[in-house]
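The values are calculated or read from the model by the stated rules, or taken from the named source; none is laboratory data. Everything numeric in this text was worked out from a predicted model, so none of it was measured. Virtual Cβ from ideal backbone geometry, glycine too; neighbours counted across all protein chains shown.
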Amino acid sequence: MNILFVADPLATFKIYKDTTFAMMRELQRRGHAVAACEPQHMQWQSGQPVSALVRRITLTGDASDWYHVEHQGREALRDFDAVLMRKDPPFDSEFFYATHLLEQAEREGARVFNSPRALRDHPEKLALMEFAQYAPPTLVTRSPEAIRHFHTEQQDIILKPLDGMGGTGIFRVGPDGMNLGAIIETLNQGGATSVMVQRYLPEIAAGDKRLLLIGGQVAPFVLARIPQGGEVRGNLAAGGKGVAQPLTDADRRVAEAIAPTLAERGLLLVGLDMIGNRVTEINVTSPTCFQEIHDQTGFDVPAMFVDALEAALA
């Protein structure tokens, strides 16, 4: 099969931990051809199919020079067996427009994963609100007054921007309300920007767990991202320590309650974030942690993913 990745620039990949790289490596190991482009390389001209300036690559196995470009040229997305949308957040206007081009490519016959419509319909912070019974008390609002009222009710809260990633812009405010006004001003920008507020979960000390839902199934290991020092954030990008752990029965019950619904909507790969037994985010744009789990447990997450992709294309 010919597989096209729509992703960040290849030169920016940290291949020792990059999940998209792990997908590419497993696909090539099975004899599939790999190509890549960036969202900015896609275009749609009237009367023509959606196309992209594509680089067909071979992975070399050399960490210092990990890919070789075999061919570069403009190709229609519908001519690939699958298109994998792996652009990292933020989910900004350009990401939004890219999903529209990908959806048009679908109408022309392309198979796109995750589904462009599902990407638009499941913004990563807001998506959990559909499954509120599994989430901590959560508020999404532009209103400073509503945030203050929520803090009065919950006492200990986490505030974060809706478009953040990697733990950026996350604040904790305890019962004393210290700096709540300044934090609201920073995140809310005078009422122009929505903010997500959640009750603080002390179980974060044991880690912010990343569960992987692949083809509607739950991977048997999770990556617990454990805050270090005085941090409240477990995100690896914020200095958290990633520790792979077996999936618990409690986590499995929550994940298996959510996974089929998301899979039916065209979400082949989902990163479900849990603290304790509560879901805090549902990540659908470019979920990660494949290599960390594989390296620590031996469980081949990339193989599970490619199995699911091949089954979806069969």
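Can you list the strands (runs of 3 or more DSSP E) found entirely within segment 1-87 that contain at least 3 residues being among the hydrophobic types (A, V, I, L, M, F, W, C) and under 21 Å from residue 102 (Cβ atoms)?
Correct list: 2-6, 33-37, 51-59, 82-85.
Quick one: in segment 194-218, which of the residues that are among the β-branched types (Val, Ile, Thr) and within 18 Å of residue 129 (Cα to Cα) is surrounded by the most Cβ atoms within 10 Å (Cβ to Cβ)?
By that ranking, first place goes to 195.
Is it the case that segment 273-284 has a residue that's hydroxyl-bearing (Ser, Thr, Tyr) and within 17 Å of the chain's Cα centre (by Cα)?
Checked segment 273-284: at least one residue is hydroxyl-bearing (Ser, Thr, Tyr) and within 17 Å of the chain's Cα centre (by Cα).
Look through 76, 33, 22, 63 and report the one residue that is surrounded by fewer than 17 Cβ atoms within 10 Å (Cβ to Cβ), of a type in the set (A, V, I, L, M) and out of contact with any strand residue (DSSP E or B) (no Cβ under 9 Å at 6 or more places or on another chain).
63
Would it be correct to say that residue 176 is crowded, with 16+ Cβ neighbours inside 10 Å, acidic (Asp, Glu) and either not assigned by TED's automatic domain parsing to the domain that holds residue 280 or not in a helix (DSSP H, G or I) (or both)?
The answer is no for residue 176.
Considering only segment 264-294, state which residues are within 23 Å of residue 24 (Cβ to Cβ) and either in the same structural domain as residue 90 (by TED's automatic domain parsing) or out of contact with any helix residue (DSSP H, G or I) (no Cβ under 9 Å at 6 or more places or on another chain) (or both).
271
If you go through segment 107-121 one residue at a time, do you hit one that is more than 29 Å from residue 168 (Cα to Cα), touching a strand residue (DSSP E or B) at 6+ places or on another chain (Cβ under 7 Å) and of a type outside the set (Val, Ile, Thr)?
yes
Here are some residues: 280, 285, 248, 261. Which one is buried (at least 22 other Cβ atoms within 10 Å of the Cβ) and among the polar types (S, T, N, Q)?
280
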